[in-house]
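> One structure, as structure tokens, below. Some questions next.
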Protein chains: 2
Amino acid sequence: MARSDAVRNREKVLRAAEAVLGEQGLSARMDEIARRAGVGVGTVYRHFATKEALYQAIVTARVDELLAEAAQLRDSGEPRTAFFTFFTRVVVDAAGKKAYIDALRTAGIDPKAGQAGQAAEMRKAIDDLLREAQQAGAVRPDAALPEILALLRGASMAAETGDYPAGVLDRSLAFLLDGLRPA
Amino acid sequence: MARSDAVRNREKVLRAAEAVLGEQGLSARMDEIARRAGVGVGTVYRHFATKEALYQAIVTARVDELLAEAAQLRDSGEPRTAFFTFFTRVVVDAAGKKAYIDALRTAGIDPKAGQAGQAAEMRKAIDDLLREAQQAGAVRPDAALPEILALLRGASMAAETGDYPAGVLDRSLAFLLDGLRPA
DNA sequence: ATTGAAGTGGAATCCTGATTCCGATTCTAG
DNA sequence: CTAGAATCGGAATCAGGATTCCACTTCAAT
């Protein structure tokens, strides 16, 4: 039913939006996204009712990918590693993608919209990894989910901001994770 | 020379702006600031050429306070504690004050405006505390300033965002700081 | 090849604030 | 107490962007 060119354009918009929103965050202009997609603003709006909707589409997709990865790690049989790997993945993934801040914020609380479900999933995924890691003695037992989420958020936000000299981010993260290990 | 009432109004504006910008960040409206100050927008503009200027005035003042505290801690003769205390102070101070994000960002890099000098001072202050703490064996020797700044920024940003259940922030920060201690 | 529905481009419109302007009000020096 | 300067207040002006509209293309089913 859907016209082939329409589908193609939708893709182009999505890709352009991902790039532009990633670089500039929510403050990016719809015009810019349209230009980069090689399309008129009107077309962008035909596919996504609003800037917010476009943004959500992108974030939702990305979070789904992360959730899939979390599931995979959970079943990897390496609980001691899985938690740290996922934590790192999220932070690295956030680096340079300003569009994530809100996603993380949402994961924290914010029962807004339908994304609430996704946020809950994310929390659960992290909680699972955390528990198993603690069970395996890889993470200090006094660390609870809320604290982990706060740290994850902080790390992600820091990673998104400014460009650090090579290695700084990795080392910072390493220190942070060390703080989560048993004494 | 300056009219007494003008001085008073300037103060009112400053106080109101501090409150409003603290709660809502840069997105706060000038109208709101004026209303809270019990003054017309025009008056706000008579004292501060632009929203940015008003914002800078506030941040600059606050950072100066922090610098003073840093100096005091440096001379306290408690290097083992000073570093952690200051780190904590900055984060706690940032909690709920959305206006700081940018200040911290600036402290990171951003040679913008005259604030560049202040940013440099802040970096130096932290560096001093860090070195002494390491000298005293309270902080792992492989932690360098850039990493510390990244962590400080992340922690501050996380603290500013959303409201966490009581204690979460403190515990998160405790874990983070544990990661900076020698093994 | 033909045609009406679906899709497109991008100028025009709307909205939301920041900033400007200026007549009305205080101050305060004399 | 009085005049002139310094301030005020807040309506009017501007500007930046999101969103809407619609005449004009493209599709693709027939």
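> Averaged across B:157-170, how many Cβ atoms of other chains sit within 10 Å of each residue's Cβ atom?
Numbers: counts 9, 13, 3, 2, 9, 7, 2, 7, 2, 0, 2, 6, 3, 1.
Neighbouring Cβ atoms belonging to other protein chains average 5 per residue here.
> How many percent of the alpha carbon pairs in the protein assembly as shown exceed a separation of 30 Å? Don't jump to the answer; show the numbers that get you there.
Working: 30915 of 66795 pairs.
The answer is 46 percent, as a whole percent.
> Over 23 Å, how big is the tail of the calculated P(r) for chain A, in percent of all Cα pairs?
Numbers: 7912 of 16653 pairs.
So the pairs more than 23 Å apart make up 48 percent of the total in chain A.
> Let me ask you something else. Would you work out the relative contact order for chain A, in percent, from Cα pairs under 8 angstrom that are 6 or more residues apart? Could you put the intermediate results ahead of the total?
On the way: 171 pairs, mean separation 40.7, N = 183.
Dividing the mean separation by the residue count of chain A yields 22 percent.
> Moving to a separate point now. If you scale each eigenvalue of the Cα gyration tensor by 5 and take the root, what three semi-axes come out for the stretch B:1-81, rounded to whole angstrom and sorted largest first?
On the way: eigenvalues 190, 48, 18 Å².
Sorted largest first and rounded, they come to 31, 15, 10 Å.
> Still on this structure: Could you derive backbone 3J(HN,Hα) for the stretch A:47-55 from the dihedral phi with the Karplus parameters 6.51, -1.76 and 1.60 (θ = phi - 60°), listing whole Hz in sequence and x where the residue is Gly or Pro?
8, 9, 3, 7, 4, 4, 5, 4, 4
> Report the Stokes-Einstein translational diffusion coefficient (µm² s⁻¹, integer) for the stretch A:135-183, Rh taken as the Kirkwood radius over Cα pairs, at 25 °C with viscosity 0.890 mPa s. Show your work: numbers first, answer last.
Details: Rh = 11.9 Å.
So the translational diffusion coefficient is about 206 µm²/s.
> Explain nothing, just the number: dipole magnitude of chain B about its Cα centre with +1 on each Lys and Arg Cβ and -1 on each Asp and Glu Cβ, in debye rounded to the nearest 20.
Values: 25 positive and 25 negative charges, 110 e Å.
Here chain B has a charge dipole of around 520 debye.
> While we're on this one: Is the stretch A:115-160 best put as rounded, prolate or oblate by its Cα gyration tensor, with a ≥ b ≥ c the root eigenvalues, rounded for a/c under 1.5, and otherwise prolate when a/b is larger than b/c, oblate when not?
Numbers: a/c = 2.50, a/b = 1.30, b/c = 1.92.
Oblate is the answer for the stretch A:115-160, as a/c is 1.5 or above yet b/c matches or exceeds a/b.
> Search the structure for amide H atoms under 5 Å from the amide H of B:Gly179, placed 1.01 Å from N in the peptide plane, and list their residues when 5 or more places away or on another chain.
Distant-sequence amide H within range of B:Gly179: A:Gly179.
> Moving on. Can you tally the net charge around B:Ala16? Count Lys and Arg as +1, Asp and Glu as -1, for every other residue whose Cβ sits under 10 Å from the Cβ of B:Ala16. Don't skip to the end; give the middle numbers.
Details: positive: B:Lys12, B:Arg15, B:Arg35, B:Arg36; negative: B:Glu11, B:Glu18, B:Glu32.
Within the 10 Å Cβ shell, the charges total +1.
> What ³J(HN,Hα) values, in whole Hz, does the Karplus curve 6.51 cos²θ - 1.76 cosθ + 1.60 give for the stretch B:157-166 when θ = phi - 60°, with x put for Gly and Pro?
Taking θ as phi minus 60°, the curve returns 4, 4, 5, 5, 6, x, 9, 9, x, 3 Hz for the stretch B:157-166.
> Given the options A:Leu67, A:Pro79, A:Gln134, identify the residue whose Cα lies farthest towards the positive end of the charge dipole of chain A (+1 on Cβ of Lys, Arg; -1 on Cβ of Asp, Glu).
My answer, from the dipole projection, is A:Leu67.
> So, one more: Going by C-beta contacts inside 10 Å, put A:Val7, B:Val168 in order with the fewest on the left. Intermediate results must be reported in sequence, preceding the final value.
Working: A:Val7 11, B:Val168 16.
Lowest count first: A:Val7, B:Val168.
> If you don't mind, another one. What area, in nm² and to one decimal, does the C-alpha convex hull of the stretch A:1-48 cast on average over all directions? Could you put the intermediate results ahead of the total?
Numbers: hull surface 12.1 nm².
Averaging across all directions leaves 3.0 nm² for the Cα convex hull.
> May I ask which residue of chain A has the beta-carbon nearest to the axis carrying chain A onto chain B, and at what distance in whole Å?
Here the nearest residue and distance are A:Gly179, 1.
> Quick check on chain A: helices-only [θ] at 222 nm, where DSSP H runs of length 4 and up contribute -39,500 (n - 2.57) each and the sum goes over total residues. Nearest 500, please. Don't jump to the answer; show the numbers that get you there.
On the way: 9 runs with 133 residues, N = 183.
So the helix-based figure for chain A works out to -23500 deg cm²/dmol.
> Work out the length of the dipole vector of the protein assembly as shown about its Cα centre, built from +1 on the beta-carbon of each Lys and Arg and -1 on the beta-carbon of each Asp and Glu, and round it to the nearest 20 debye. Write out the running numbers ahead of the final one.
Numbers: 50 positive and 50 negative charges, 212 e Å.
My answer is approximately 1020 debye.
> Right, something else. Using the basic label-point model (7 angstrom from Cα toward the beta carbon), what is the B:Val92 to A:Thr60 distance in nanometres?
Reported label-point gap for B:Val92 and A:Thr60 is 4.3 nm.
> Which residue, chosen from B:Ala6, B:Leu21, B:His47, occupies the Cα position most advanced towards the positive end of the dipole of the stretch B:1-52, where the dipole is computed from +1 (Lys, Arg) and -1 (Asp, Glu) charges on Cβ about the Cα centre?
Selected residue: B:Ala6.
> Determine ³J(HN,Hα), in whole Hz, for all residues of the stretch A:7-15 in sequence, where each value follows from phi through the Karplus function 6.51 cos²θ - 1.76 cosθ + 1.60 and θ = phi - 60°; x replaces Gly and Pro.
Rounded to whole hertz, the list is 4, 4, 4, 4, 4, 4, 4, 4, 5.
> Considering only C-alpha atoms, what is the centroid distance from the stretch B:5-37 to the stretch B:145-164, in Å?
Taking the Cα centre of the stretch B:145-164 as reference, the centre of the stretch B:5-37 is 26 Å away.
Read the figures in this text as sums done on the coordinates, not as results from a lab. Small disclaimer: the values here were computed from a predicted structure and weren't measured. All Cβ positions, even for glycine, are placed from backbone atoms using ideal geometry, and neighbour counts span all protein chains on display.
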